[in-house]
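The values are calculated or read from the model by the stated rules, or taken from the named source; none is laboratory data. Not measured: the values here are computed from a predicted model. Backbone-built Cβ (ideal geometry, glycine too); neighbour counts: all protein chains shown. Only protein heavy atoms, including side chains, enter the accessible area calculation; ligands, DNA and RNA are left aside. Shrake-Rupley method; radii C 1.70, N 1.55, O 1.52, S 1.80 Å.
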Amino acid sequence: MALVTAGFVVLDAVEPEKLAVFYTELLDGEQTDITLDQVEIRGADGTRLAFRRDVSATPASWPRAENNQQVHLDFLVEDLDEAERRIIGLGGRALETKDMPGPYQERVYADPGGHSFTIRPVPPTAADQS
């Protein structure tokens, strides 16, 4: 057994309960542990996230330089447009959704707490390319 194993990606938030609901719904998951200061979830695919209460948390300002993005999450999706509708319906907001530079077709959003995350298509497998 490994000496160290990965636990959770933890996002600080003024309202961790609100973020937990957003990501639980987005990832078709479940809340696995709730305390006064932290909510943990597990997505349907096993992704584990936690949201820790920090009353002075401020959202990143990506793509602006001041208070710039410290970390962000990447999610793979089957359909960018369908995922976008779901994100917006759950209270997320688009940051960059069209003409993103770089090798991937991707879109960037902010969750209700202001944390940025990216969605991009599931990469094709070798069988899909034939």
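Could you do me a favour and compute the accessible area per residue for segment 1-42, 1.4 Å probe, result in Å²? Can you show the working numbers first?
Numbers: 2710 Å² over 42 residues.
Roughly 65 Å² per residue, with all protein chains present.
Taking the Cβ of GLN38 as the center, what net charge do the other residues with Cβ under 13 Å away carry, scoring Lys and Arg +1 and Asp and Glu -1? Don't jump to the answer; show the numbers that get you there.
Numbers: positive: ARG48, ARG52, ARG53; negative: ASP12, GLU15, GLU17, ASP33, ASP37, GLU40, ASP54.
With Lys, Arg at +1 and Asp, Glu at -1, the net is -4.
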